[in-house]
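All remarks here apply to the structure that follows.
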Amino acid sequence: MPTPRSSPVPSLAVWDLPTRLYHWLQAVLVAAALAIGFLAPEWWMGVHVWLGYGVAGLIVFRLIWGVFGSQFSLFASFIHPPRQIWNHIRGLIEGRPPHAMGHNPLGALMVFAMIAVMAGIGVSGLLALGGVENQGPLAGFLGFSAGDIARKAHSILAMALLAMIGLHVLGVIVDSWLGRESLVRAMIIGRKRVPAGALLLNPRPARRRAATLAAICAGTAILIASSLAGMVPASGLIAMPRQAAYQEECGDCHEVYHPSLLPRASWSATMAGLENHFGEDASLAPETAQAITAYLDNYASEAWDTEAANRLRAVDGTAPGQISATPFWKRKHRQIEKSVFETKPLRGRSNCGACHRDAGSGRFDDQMIAIPAR
Amino acid sequence: MRSLLILPAVIALLATVDAEAGARQALLDGFATQAKAADSGFAGFSASRGENLFRTSFAGGKPDTPACTVCHTPSPLKQGETRAGKPIEPMALSASPDRYGDPKKVAKWFRRNCKSVLGRECTAPEKGDFITFMTGQ
């Protein structure tokens, strides 16, 4: 059924409001998450994670809308057979790509690819958050090594997404140029010009009620599943009683270091060398030293699966008892070393709690870092 | 009613202050006995020798800690700081009334700090002189 030709330049509502809102919200949230992930200091991680949850929610919506939305939002409407994709590429090379009312075949491929990669980023991010950071709904289910693999996948996928966004924008520019119609404007006002002689079937309207129902079901399922999962305690941390002797004797000159920050061999070397402890005599009565050595042996880094325990386990062979000499510690604190530590040479490095508000728990969460004002 | 509760608290406080003063005296008496045993000519502790010990820079100890004042500051009335940056309450009894009341603590820190600064344990007269100086400040 041909569309009525009442106006001189007939146009058609292509992108419904939910699709347009989804598109621009997605663009903003993803840009912010990428910028923070790549550029911001570690303590922005909380914001990054919430942006990630936001993007994940949008993707769930898009999956539902891809089934219940209006004509051009339906996934089925932009699955193109290979022959059509090939035709489009040929037309593009000749500078005259065939007109497409919704997504053109190449653009459609990119939409599917971006949704898939964003979903992958969300899943790997959740796995990394649970495994490495012992946070989020998966904290109780994943170990550090699995989480660390997910963390690497997360950043590789994020770089891939960055490249895909570049291609997507390039595609929009090229298509707008060759088709003499701004696709950006179309994604804002929702309408596209109908070329002369185009035959259009009645576009299918959105099934709003079904979509709402599906969204409510999905949202409820996600909320219930994540709060149930969140009740499982983080797998990387163990229960550790406080030992009075350790708290008192090893807290006289500096803060009491969390036993998970060094491996057993380091603690026993430290305890055996208290007569000459970092340039001082810190010797103890033998029975006190024995009790503390046993305590540290029980709760040394080998007993934990936190990020700090895993990373700091590799000590510097020439200073096995010094947390701040481990390669990981040095790498992580390289940027701040000059500005902060040198102005207060005596209170800097070894005063973990001055910057890590959760140093006492051994968690060392990214969100709990705050460099004190000088 | 309230005064009934305050009274025992005051008594308890006075008792601990008293106990600490007693412990401090016992500690000094102990050092004096040891000093006499080692040297029959021992004629009592001297605050000025104590001050000397406190202020002198020694060469025999560990390189980073040549003197007591490195951590305790040159003023017994001022708050000091460990090499790792933790505050140390003043050493003068007038500024820190709890000082030298716990024999175990005193023994532990004399052992450590003298070894760090002088490279050896302090003698009984040295310890007595030091406490005498600090209690008089």
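The listed residues A:M240, A:M271, once ranked by accessible area (1.4 Å probe) with the largest placed first, stand as A:M240, A:M271. Annotation: peptides A:227-238, B:55-66, ranked by per-residue average of other Cβ atoms within 10 Å with the highest first, follow the order A:227-238, B:55-66. Only protein heavy atoms count here; on that basis, with a 1.4 Å probe, A:V111 has an accessible area of about 20 Å². In this view, the solvent-accessible surface of A:F38, computed with a 1.4 Å probe and all protein chains in place, comes to about 90 Å². Mind running the shape call on chain A? Use the C-alpha gyration tensor, a ≥ b ≥ c as the square roots of the eigenvalues: rounded below 1.5 for a/c, prolate if a/b tops b/c, oblate otherwise. The shape class here is prolate. Using a cutoff of 8 angstrom between alpha carbon atoms and counting only pairs six or more residues apart, the relative contact order for the range B:2-135 works out to 33 percent.
Split the accessible area of chain A by element, probe 1.4 Å, and carbon with sulfur accounts for 67%. Put a dot 7 Å past the Cα of A:I216, heading toward its Cβ, do the same for A:D358, and the two dots end up 3.6 nm apart. Of the residues A:A272, A:A359, A:A308, the one that moves most in a GNM of chain A with alpha-carbon contacts below 10 Å is A:A272. Taking C-beta distances below 4.7 angstrom as the pairing criterion, name the unpartnered cysteines of chain B, in sequence order. Cysteines lacking a close Cβ partner in chain B: B:C68, B:C71.
For A:I216, the shell of other residues with beta-carbons less than 15 Å away shows a net charge of +3, using +1 for Lys and Arg and -1 for Asp and Glu. Grab every C-alpha pair in the range A:36-135, bin the distances at 10 angstrom width from 0 up to the longest one, and report whole percents. Reading upward from the zero bin: 13, 34, 24, 20, 9, 0. Per-residue accessible area (protein heavy atoms, 1.4 Å probe) orders A:M368, A:M159 as A:M159, A:M368, starting from the largest. Compactness check for the range A:165-209: Cα Rg over 2.2 N^0.38 Å is 1.45. When the Cα gyration tensor is reduced to axis lengths a ≥ b ≥ c, the ratio a/c is 1.5 or higher for the range B:2-135, and with a/b not above b/c it is classed as oblate. Only helices reaching 24 angstrom along their own axis (Cα) with mean Kyte-Doolittle hydropathy no lower than 0.0 count here, and for the DSSP H runs of chain B these are B:2-38.
Multiplying the residue separation of B:S75 and B:F58 by 0.36 nm and subtracting their alpha-carbon distance yields 4.3 nm.
Take the Cβ atoms of A:I371 and A:S145, set R0 to 25 Å, and the FRET efficiency comes out at 0.25.
Couplings 3J(HN,Hα) for the range A:252-265, derived from phi with the Karplus relation 6.51 cos²θ - 1.76 cosθ + 1.60 (θ = phi - 60°), are 6, 9, 8, 5, 7, 6, 5, x, 6, 7, 9, x, 3, 4 Hz, where x marks Gly and Pro.
When chain B is treated as a GNM with alpha-carbon contacts under 10 Å, the residue of B:G50, B:G80, B:G41 showing the greatest mean-square fluctuation is B:G41. Report summary: the helix-based calculation at 222 nm, which adds -39500 (n - 2.57) for every DSSP H run with n ≥ 4 and divides by the residues of chain A, gives -17500 deg cm²/dmol.
Taking all protein chains as shown and a probe of 1.4 angstrom, A:V30 keeps an accessible surface of around 20 Å².
Rolling a 1.4 Å probe over the protein heavy atoms gives chain B an accessible area of 57 Å² per residue. Cα axis of helix A:17-39 to longest principal axis of chain A: angle in degrees, 0 to 90, nearest 10? For helix A:17-39, the angle is close to 30 degrees.
Annotation: amide H-H contacts under 5 Å for B:I88 (H modelled 1.01 Å from N, sequence separation of 5 or more, or interchain): B:G80, B:E81, B:T82.
Over chain A, Cα pairs under 8 Å with separation of 6+ residues give a relative contact order of 18 percent. Ranked by solvent-accessible area (1.4 Å probe, protein heavy atoms only, all chains present), the residues A:R311, A:R90, A:R204 order from largest to smallest as A:R90, A:R204, A:R311. With a 10 Å cut-off around each Cβ of A:250-258, the average count of Cβ atoms from other chains is 3. Extension gain for A:A325-A:A289 works out to 10.6 nm (0.36 nm per residue, less the C-alpha to C-alpha distance).
Full extension of the chain segment joining B:A95 with B:W109 gains 3.2 nm, where the gain is 0.36 nm per residue of separation less the Cα-Cα distance. Among A:D252, A:D305, A:D148, the largest mean-square fluctuation in a Gaussian network model of chain A (Cα springs under 10 Å) belongs to A:D252.
May I ask which of A:K330/B:K115; A:K330/B:K108; B:K62/B:K104; B:K86/B:K108; B:K36/B:K78; B:K62/B:K105 have a Cα-Cα span longer than 30 Å here? As for pairs spanning more than 30 Å Cα to Cα, those are A:K330/B:K115; A:K330/B:K108; B:K36/B:K78.
The values are calculated or read from the model by the stated rules, or taken from the named source; none is laboratory data. Everything numeric in this text was worked out from a predicted model, so none of it was measured. Glycine gets a Cβ as well: all are built from the backbone with ideal geometry, and neighbour counts include every protein chain shown. Surface accessibility is based on the protein's heavy atoms, side chains included, excluding ligands, DNA and RNA. Shrake-Rupley method; radii C 1.70, N 1.55, O 1.52, S 1.80 Å.
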